[in-house]
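To start, the structure under review is shown below, and the notes come after it.
The values are calculated or read from the model by the stated rules, or taken from the named source; none is laboratory data. All values reported here derive from a predicted model rather than from experimental measurement. Every residue, glycine as well, gets a Cβ built from its backbone with ideal geometry; the counts of neighbours run over all protein chains shown. The area values use the complete protein model at the heavy-atom level, side chains included, leaving out ligands, DNA and RNA. Shrake-Rupley method; radii C 1.70, N 1.55, O 1.52, S 1.80 Å.
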Amino acid sequence: MRYVISLGLLLVLLWLALSGVYKPVIFFLGAGSVILVVWLSVRMDVVGVEHNPVLFSWRLAAYWLWLLGQLVKSNLHVSKLVFQIDKVRPRLLTVPVPHQAAVSKVTYGNSVTLTPGTVTLRLTRDRLEAHALDEESARDLEAGHMARKISWLERQAEGES
Amino acid sequence: MNTVLVATTLAIFLTMALALVRALRGPTIYDRIVAVNVFGTKTVLAVALITYVTGHADLIDVALVYALINFIAIVTVLKLVKTRDLAAEGSEDPR
Amino acid sequence: MMAIFIDILSWVLLITGGAFGVIGGIGLLRFPDFYTRLHASGITDTLCAVLIVFGLMLQSGLSLLTLKMVLILLFLLFTTPTATHALARAAVLDGLEPKLADQPQASPSEEEPPSKP
């Protein structure tokens, strides 16, 4: 129930931000759409821990900044490879997934895919198979900096809830 | 100021053209879907840029909706290509 | 003075964003197989989008437009890795073999029974 309320509040905020037109009729339509979406989400059984506002702590912002830095780094690397096509050495690799919560695992998989140079091919309970563009990208992933950052993020979410 | 915006828009159009070349060349169906995905995200950026070039702030909603529809379209096309049946239940990778 | 500085910063962001888009497009044409092309599409979907959206945000300052640009960026950054992963997964399950530099026998485990993550 807590998650349903926080999802509803989130949707109301989103609607207020997107609408820009504040008249009574439009407000009723907005309220109706929010209720419809919450009802559909409950019916689809997708309301869960992801809608917990505690997850949106300052550590998430810090993680996003760090991820942005990684994005720039790996993008420059892959852009260099575009013009040195003979240096492309694709290989597959498997790394362990040390996280407990499903949200953390999905965050890990998505972050790996988001940084160019590595693409998640398969994510299971305890390991992640990835396709890397060359040796350097593969070693970056195997070093496990990203997994440690997400563990750090996970600890915070547990500590506050 | 407008020249920079227009130049960036042209660069985005060039990227879309390159993606279209890849979509035509193939060789596998997945290459084509990747190209269409790139084309879609570049459409979002192009619409956002055109919003600023023309100054019509309402156009940004088009970009916003396109960003969401593009994702759903890619996943739907992928499912249609794979299973030939949009109502099929996924058998692999259960939740 | 400050306004000029912000304008120049936003131009630099826009132009580099456009350049990265074109580089990604070239990579999409030049890379040898499907899985490597996913990385090229990654360039255009991430850095190109981030730079252009930041550049446009600097142009409009604090307004509803900027908020909507932030939302567009968030949607793009959340949906594109999911779409890319779905594509890669579908290709693996379809038996499309990645071209590898060495150890050509290593293939992703598509024949394993599905396990619950």
- Report whether or not A:THR94 is polar (S, T, N, Q), farther than 17 Å from C:SER41 by Cβ and surrounded by fewer than 20 Cβ atoms within 10 Å (Cβ to Cβ). yes
- Message: Just to be sure before I move on: is B:LEU14 aliphatic (A, V, I, L, M) and either touching a strand residue (DSSP E or B) at 6+ places or on another chain (Cβ under 7 Å) or open to solvent by 70 Å² or more (accessible area, probe 1.4 Å) (or both) in the structure I sent?
- Response: yes
- Note on the structure: Of the conditions (1) facing chain B (nearest Cβ under 8 Å); (2) within 21 Å of the chain's Cα centre (by Cα); (3) modelled with pLDDT under 85, the single one that C:ALA86 does not satisfy is (3)
- Query: Tell me, which residue of the range A:20-33 that is in contact with a Leu (Cβ under 9 Å, 6 or more places away or on another chain) and in a helix (DSSP H, G or I) is modelled with the lowest pLDDT?
  - Reply: A:GLY30
- Message: Out of everything in the range C:60-79 that is in contact with a Leu (Cβ under 8 Å, 6 or more places away or on another chain) and open to solvent by 10 Å² or more (accessible area, probe 1.4 Å), what residue ends up being farthest from A:ARG89 (Cα to Cα)?
- Response: C:LYS68
- Note on the structure: Going through the range A:120-156 in order, the residues found to be among the hydrophobic types (A, V, I, L, M, F, W, C) and closer than 16 Å to A:VAL97 by Cβ are A:LEU121, A:LEU123, A:LEU128, A:ALA130, A:LEU141, A:ALA143, A:MET146, A:ALA147, A:ILE150, A:TRP152, A:LEU153
- Task: Only residues that are open to solvent by 10 Å² or more (accessible area, probe 1.4 Å), touching a Ser or Thr at 6+ places or on another chain (Cβ under 9 Å) and of a type in the set (Gly, Ala, Ser): list them for the range B:28-64, please.
- Result: B:ALA57
- Item | Lone qualifier among A:GLY117, A:GLY30, A:GLY144, A:GLY109 - being surrounded by 15 or more Cβ atoms within 10 Å (Cβ to Cβ) and on the phi > 0 side of the Ramachandran plot | A:GLY117
- Item | Looking only at the range A:120-141, and only at residues there that are basic (Lys, Arg) and within 7 Å of another protein chain (Cβ to nearest Cβ), the one that is most open to solvent (accessible area, probe 1.4 Å) | A:ARG125
- Item | Hits in the range B:65-90 - residues which are among the basic types (Lys, Arg) and either within 10 Å of chain C (Cβ to nearest Cβ) or crowded, with 16+ Cβ neighbours inside 10 Å (or both) | B:LYS79, B:LYS82
